[in-house]
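Student: Below are the C-alpha cells for one structure; questions will follow.
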Protein chains: 2
Amino acid sequence: MPFYPLNEENIRDYIRQRPALADFFPPDARLHIREVGDGNLNFVYIIENEEDPSNSMVIKQALPFLRVVGESWPLTQERARYEAEALKEHNKYAPGLAPELYDFDEEMYAIAMEYLGTHEIMRKPMVRGVKFPKFADHISSFLAQTLYFTSDYYLSGPEKKLLQARFVNEELRKLQEDFVYTNPYKESPENNWNPLVDDEVQAVRSDPALKLEIAAMKDSYMNHAEALIHADLHTGSIMINQEDTRVIDPEFAFFGPMGYDVGAVLQNLVLNYLSHYAHTPDPEARADYQAWILDTIRDIWNQFAEKFERLWVENARPDSELMPLDYWDFPGGEEAFAQYRQRVIQHILEETAGHGGVKFLRRMMGIVSVWDISSIEDPEKRAVAERAAIHIGKRWLMERKSVHSIDDLIGIVLEETQHLA
Amino acid sequence: MPFYPLNEENIRDYIRQRPALADFFPPDARLHIREVGDGNLNFVYIIENEEDPSNSMVIKQALPFLRVVGESWPLTQERARYEAEALKEHNKYAPGLAPELYDFDEEMYAIAMEYLGTHEIMRKPMVRGVKFPKFADHISSFLAQTLYFTSDYYLSGPEKKLLQARFVNEELRKLQEDFVYTNPYKESPENNWNPLVDDEVQAVRSDPALKLEIAAMKDSYMNHAEALIHADLHTGSIMINQEDTRVIDPEFAFFGPMGYDVGAVLQNLVLNYLSHYAHTPDPEARADYQAWILDTIRDIWNQFAEKFERLWVENARPDSELMPLDYWDFPGGEEAFAQYRQRVIQHILEETAGHGGVKFLRRMMGIVSVWDISSIEDPEKRAVAERAAIHIGKRWLMERKSVHSIDDLIGIVLEETQHLA
C-alpha cells in the first residue's frame, strides 16, 4: 500500500486494517480522535475510546515535507523508522521509561504507541516551578540502562556492529552536526539571537581556542560510536508527571558519545534554572526552585554513575567486548577492572561537560532556543539568562578536562550566577 | 548462479561468461593457470596469456571454510565483498598504489584484479636486506590519500555515513578485536610464544596499568570511526619492487582510527629491524640496513603528516564536515585552522604509537607472529628480537601521550636496542 496522509476520517479504517492494531479497540467503540502535533514535521493523533479513555493510543505519522510550508521542503520519512527502531531498544532496555510501541508501519511511516494522557512535556511545568522528586531516579535509570546495554561494555563486537548498522540516520545526524556544532558559530541565515547579547555572540564566533574545542566535540559527536544515544534528550523530549517519566521522540538516535545524552539533560535543567531569574521574581521561591534543580542535577549524575557501574558489574558477559571478564583475571585484576570502569565514567563526565557546554552556546545563537528562555518577553531579562548561559557553556566546554565531579559543573553554574542572586 | 569452487579447469569458462572479463584475453589465447594461495582461506589463481605474459590477471576466490581443515570451520565469504569495496575506494583515492580491480562477482565471491608479476611480498626481501628507496614516498601517499579522502575532513556528514554503512564487516573486525586487543593478554588456547620470553609475556598479562591502556586502545579501535582504514597493513599486505608499491588484501577494511594503519606499517618495519640481529650477523651490513629502516620510518611519518595536511588545505570543501571552510572565517581563523590540523595530526601520531605498541605485543604472544621473526630458527636469537619488541611495544603504548615527533618513537627503538649493537 502506498503512503497517504492520515486524517481524522481515514484513520479509523487505517487502525482496523493493521493486524497489530485491529483488536486494540472493541469493534463497536466510539473513538474520539484529535490531532495534536505542535511541530510541523508529523501528524500526531490521539485516539481514545469514549467509553473507556484508558483504552487509547497515539499514532504519529512522518510527513515527507515540512508541514508549515506545504510540500516544498522534502525531509526524509525514514526518521519514523529510526524513531520506531530506537523505541524498540528503549522498551527493551529501559521498560517503563519510554512509551510502549504497538506498531510500526514502514509504508505509511506511522508509529502507533502508548498515549500518555496524564503526562506533560517537562519543559512547561518546569517553567511554572513544578518539582518532580522522582525525576532524577527515573532519568538516571533511562540513561544508565539505554547507554550501558548498547555499549561494548555489554554487547559482543558483532552484536554492536549489527545494531549500529540499523542506525545510519545520515540525514537527521546532519541536522545536529549543522545546528549544534557548526552553523551557530559562523554566518548562517537561520541563526538568531538577542541583539542585547550580540557582543557575546561575536566573541564566541571569533574565539580561536573555543572554536578548536567545538571542533573537537563535533569530532567526538560524529565519530565516537560508544552507544545508542537518543541524541535529542532535552526536557521537550520528556513526558512527566509526579509518578512517571517517559522519554519520547528518539528519531535522531544513532551510535554516538554517551556524554551527549547526559549533557543534554543536565544542560536543559541549567537553562531552566537560568530562566527563573525572569519567571520567578520572588527571590525566596526562586532560590527554592533553583536549589531543587541543582540537587536534581547532582542526583542525576551521581545516580547515573552508580547505576552504570552497577549494571556493568552485574551484566558483563564472557563475550562482552570491552573487555571479556577473563581479561581481568590476574592478581590485582579486580582492582584494575574497577579502575577501568572509573576511567570510563570519568570520560563520560568530561564529555557531558563538553557536549553540554556546546549545547548551551547553540541554544543562545543558533536556529532555535528553548521555550524556557524564549518565553521571557522582556529582552533585558532574557539577556540576563542568555549571558549566563553563554558563560557557563564556554566554561563547561573549556574546563571539561579538569572536571572531576558533578560539583565542579554545578560550581561553574553558581559562580556564573552569583551576581544575580 | 550458485557458488562453486573455481579450479584450473572450470576457470577458463568462468572468465568467458563474466561480462567484465570476457574480452580480457584474445579468444584463441593459450592461458597458463596456476593456483598460488599460500593462505588457507582463499584460492588465488594467476592467469597468463602464454604469448603475452603482460596480458594477465589474478582471480581470488573466498572459500566458505578454512581450507586447511576442510569444510568444518565456516568463515564469512562476505570478506570478498569487503575486499572488493575497499579496493574500489583505494583505486579511487590512491590510484596506482593498489592493484586495479577488474571485476567482483558477488555470487562466486571472486575478485578479478591486476596481476603484479614483478612484485614481491615486502616482508621477504626485507628479511634479505633489500632496500626500497621509493617505499616511504609511496606508502605515505597511500596512507595520506586513503585516510584523508574518507574522513570528515573531506567528506560531508551524509557522504561519510553512507560510505561507512558499506563497511559493517562485523566478522572480520571481531577477529582483530580478539587477536590484537584481547586474547594475547589472557589465557587463550591459540596463543603461542617463545618459552624463553615467558617472563615478559606473564608480566604483560598481569600489568594493570598496561592492560588499562590496551583496553583504551581497543575502545579507540572499535569506536573511533575516523576514516576507511585497511586494518591489516603489515608488510605482508604490501607488494613491492624497486619502482612500484601496491597495497593488497584490504578485506579487514572498516571505519576506524587512522593511527591504526600508520602504526601497522611503522611497527612492522621495526619488527624487521629487530629480526636483523639474527638474519644479518655482519655488524656493518646490519647497521647499514637498520639505519635505512629508521630513515624510512622517519620519512614515512614526516611525509605522511606533510601530505595529509597538504591534501586537507587543497581539498577541503564548503561542505566538508570537519569543518566547513567558513567556520574558520574570522580574524585569526586561518591560524586556528592550521592549529586544528596540527592537533589532528598530533592525535594520529599518538594513536600510531598506541596501536603500533599494542601490535608489537600481540605479535610476540598471540596467535601469529610475523615471518621476519618466526623465521629465526635459534630460539635464543629469536628471543633477543622478541624481548626488544615487547619492551618497545610497551613503551610506545604507555608513553604515547608524550610523543611529539617521530623521533620520539625512533628514540625508544634505539634505547631498547642499544645493548644489542
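The values are calculated or read from the model by the stated rules, or taken from the named source; none is laboratory data. All figures in this text were calculated on a predicted structure; none of them were measured in a lab. Note: ideal-geometry Cβ built from the backbone for every residue, glycine included; neighbour counts use all protein chains shown.
Student: In contact with a strand residue (DSSP E or B) (Cβ under 8 Å, 6 or more places away or on another chain), under 16 Å from A:Leu143 (Cβ atoms), away from chain B (no Cβ under 14 Å) and among the acidic types (Asp, Glu): does that describe A:Asp232?
Tutor: no
Student: If a residue must be closer than 15 Å to B:Ala264 by Cα and among the aliphatic types (A, V, I, L, M), how many such residues does region B:121-146 contain?
Tutor: Count: 5.
Student: Kindly provide the set of residues from region A:49-80 that are out of contact with any helix residue (DSSP H, G or I) (no Cβ under 8 Å at 6 or more places or on another chain), at pLDDT 70 or above and part of a loop (DSSP other than H, G, I, E, B), ordered by number.
Tutor: The answer is A:Glu50, A:Glu51, A:Leu63, A:Pro64, A:Gln77.
Student: Only one of (1) within 14 Å of chain B (Cβ to nearest Cβ); (2) crowded, with 20+ Cβ neighbours inside 10 Å fails for A:Gly354. Which number is that?
Tutor: The number of the failed condition is (1).
Student: Continuing with the same structure: Could we say that B:Val344 is in contact (Cβ under 8 Å) with a residue 24 or more places away in the chain and within 26 Å of B:Pro158 (Cβ to Cβ) here?
Tutor: yes
Student: Return the only residue of B:Ile376, B:Ile390 being assigned by TED's automatic domain parsing to the domain that holds B:Pro281, in a loop (DSSP other than H, G, I, E, B) and touching a residue at least 60 places away in the same chain (Cβ under 8 Å).
Tutor: It is B:Ile376.
Student: I would also like to ask the following. Considering only residues that are over 18 Å from A:Val201 (Cβ atoms) and either in contact (Cβ under 8 Å) with a residue 24 or more places away in the chain or hydrophobic (A, V, I, L, M, F, W, C) (or both), which ones fall in region A:409-421?
Tutor: Across region A:409-421, the qualifying residues are A:Leu409, A:Ile410, A:Ile412, A:Val413, A:Leu414, A:Thr417, A:Leu420, A:Ala421.
Student: A further question on this structure: Examine region A:139-157 for a residue that is more than 19 Å from A:Tyr260 (Cβ to Cβ) and surrounded by fewer than 20 Cβ atoms within 10 Å (Cβ to Cβ), and state whether such a residue exists.
Tutor: yes
Student: Here is a follow-up. Suppose we filter A:Glu159, A:Glu107 for residues that are within 14 Å of chain B (Cβ to nearest Cβ) and not basic (Lys, Arg); which single one remains?
Tutor: A:Glu159
Student: If you don't mind, another one. Restricting to region A:202-229, give me the number of residues that are under 21 Å from the mean Cα position of the chain (by Cα), more than 8 Å from chain B (Cβ to nearest Cβ) and not aliphatic (A, V, I, L, M).
Tutor: Number satisfying all stated conditions: 2.
Student: Working carefully through the options A:Phe304, A:Phe308, find the one that is more than 17 Å from A:Ile410 (Cβ to Cβ), surrounded by 20 or more Cβ atoms within 10 Å (Cβ to Cβ), away from every other protein chain (no Cβ under 14 Å) and of a type outside the set (S, T, N, Q).
Tutor: After ruling out the rest, the residue left standing is A:Phe308.
Student: For region A:8-21, name all the residues that are more than 19 Å from A:Glu50 (Cβ to Cβ) and either in a loop (DSSP other than H, G, I, E, B) or among the acidic types (Asp, Glu) (or both).
Tutor: A:Arg18, A:Pro19, A:Ala20
Student: Scan region A:324-351 residue by residue and report those that are among the aliphatic types (A, V, I, L, M) and more than 9 Å from every other protein chain (Cβ to nearest Cβ).
Tutor: Hits for region A:324-351 are A:Leu325, A:Ala338, A:Ile345, A:Ile348, A:Leu349.
Student: So, one more: Just to be sure I understand the filter: pairs with C-beta atoms under 7 Å, separated by 6 or more residues or on different chains, first member in region A:1-19 and surrounded by 11 or more Cβ atoms within 10 Å (Cβ to Cβ), second member in a helix (DSSP H, G or I). Which pairs pass?
Tutor: A:Leu6/A:Tyr14
Student: For residues that are crowded, with 16+ Cβ neighbours inside 10 Å and either over 27 Å from A:Glu226 (Cβ atoms) or modelled with pLDDT under 95 (or both), tally how many sit in region A:124-138.
Tutor: Total meeting the criteria: 5.
Student: Would you say B:Ala278 is part of a helix (DSSP H, G or I), surrounded by fewer than 22 Cβ atoms within 10 Å (Cβ to Cβ) and not β-branched (Val, Ile, Thr)?
Tutor: yes
Student: Does B:Glu243 meet the test of being more than 24 Å from B:Asn169 (Cα to Cα), buried (at least 20 other Cβ atoms within 10 Å of the Cβ) and away from every other protein chain (no Cβ under 13 Å)?
Tutor: Taking the combined requirement at face value, the residue does not satisfy it.
Student: Among the residues of region A:311-323, which ones are facing chain B (nearest Cβ under 7 Å) and either charged (D, E, K, R) or surrounded by fewer than 20 Cβ atoms within 10 Å (Cβ to Cβ) (or both)?
Tutor: Across region A:311-323, the qualifying residue is only A:Glu321.
Yes/no matrix, rows are residues, columns are (1) under 30 Å from B:Pro318 (Cα atoms); (2) of a type in the set (Lys, Arg); (3) at pLDDT below 95:
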position: B:Asp152; (1), (2), (3): yes, no, no
position: B:Gly157; (1), (2), (3): yes, no, no
position: B:Lys160; (1), (2), (3): yes, yes, no
position: B:Gln164; (1), (2), (3): yes, no, no
position: B:Tyr181; (1), (2), (3): no, no, no
position: B:Trp193; (1), (2), (3): no, no, no
position: B:Asp198; (1), (2), (3): no, no, no
position: B:Val201; (1), (2), (3): no, no, no
position: B:Lys211; (1), (2), (3): no, yes, no
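Student: One residue is enough: does region B:361-371 have a residue meeting the conditions surrounded by 22 or more Cβ atoms within 10 Å (Cβ to Cβ) and of a type in the set (D, E, K, R)?
Tutor: Yes, region B:361-371 contains at least one residue that is surrounded by 22 or more Cβ atoms within 10 Å (Cβ to Cβ) and of a type in the set (D, E, K, R).
Student: A further question on this structure: Being in contact (Cβ under 8 Å) with a residue 12 or more places away in the chain and surrounded by 21 or more Cβ atoms within 10 Å (Cβ to Cβ): is that true of B:Lys401 here?
Tutor: When the stated conditions are applied, B:Lys401 does not pass them.
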